[in-house]
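J.: Before I ask anything, here is the structure I am working with.
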Amino acid sequence: MTDTIVVLIEDTLSPADVDKLIALHTDEVLQYRVLVPADTQRPLLPWIVDSLSLGELREAWDRAVGKEPTEPQAKATATEQLAGTLAAFEAAGRSAVGSVVQDDPIPALRAAVAEGGVREVAVVTDPHLLEDTFHRDWASRAREELKLPVLHLYRGTSELG
């Protein structure tokens, strides 16, 4: 049985992001399993703070006035993000499968680990000021729940979360 790396993402991974993940295990044949939450209910305050810190004023305003994506919109976006990420893995010559999961990805991570063969989890997100600071981000929660190695990378950078 091939070891699996579960990769939890919140947006499409670039080829450079995929290369960074692959470089962690260059001499091994691994299976990658990508999980993308259909995010419709992110907490208001952290979302606004993140948007403002990234200079996304329009997104912060939209969220402040209650414009959240509908469930079908969130699933469609997550499906596009998954397809783009799987294509990046394929272009890099690596095998990857994936699925869209519910808002809170921790139950999906728990289920993936329960299936067996999961060596570690890689969480690739944008920085989230409040959640990262108070360890309520996906990576911190996964470490607490899964008791597996969990690597937190910031998308599009070489920074660790």
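J.: With each label point set 7 Å from Cα along the Cα-Cβ vector, what nm distance links Ser95 and Glu59?
T.: 3.5 nm
J.: Using modelled backbone amide H atoms (1.01 Å from N, in-plane), which distant-in-sequence or interchain residues come within less than 5 Å of Val34's amide H?
T.: Val7, Val97, Gly98, Ser99
J.: Around Leu30, under 15 Å between beta carbons, what's the net of Lys plus Arg minus Asp minus Glu among the other residues? Could the numbers behind the result be given before it?
T.: Working: positive: Lys20, Arg33, Arg94, Arg119; negative: Asp3, Asp19, Asp27, Glu28, Glu90, Glu120.
Value of the local net charge: -2.
J.: What FRET efficiency comes out for the pair Asp104/Asp3, r = Cβ-Cβ distance, R0 = 35 Å, nearest 0.05?
T.: Details: r = 26 Å, r/R0 = 0.73.
Calculated value: 0.85.
J.: PRE reach from Glu145 (point 7 Å along Cα→Cβ): which of the stretch 71-112 fall under 14 Å by backbone N?
T.: 101-112, by backbone N distance to the label point.
J.: Between Ala111 and His25, with labels modelled 7 Å along Cα→Cβ, what's the label distance in nm to one decimal, could you check?
T.: About 2.2 nm, to one decimal.
J.: Efficiency by 1/(1 + (r/R0)^6): what FRET value for Ser158 and Ala87, r their Cβ-Cβ distance, R0 = 30 Å, to the nearest 0.05?
T.: 0.85
Any read-out appearing in this document is the output of simple, stated calculations on the displayed coordinates, not a laboratory observation. Small disclaimer: the values here were computed from a predicted structure and weren't measured. Quick reminder, even Gly has a Cβ in these numbers, built from the backbone with ideal geometry, and neighbours come from all protein chains shown.
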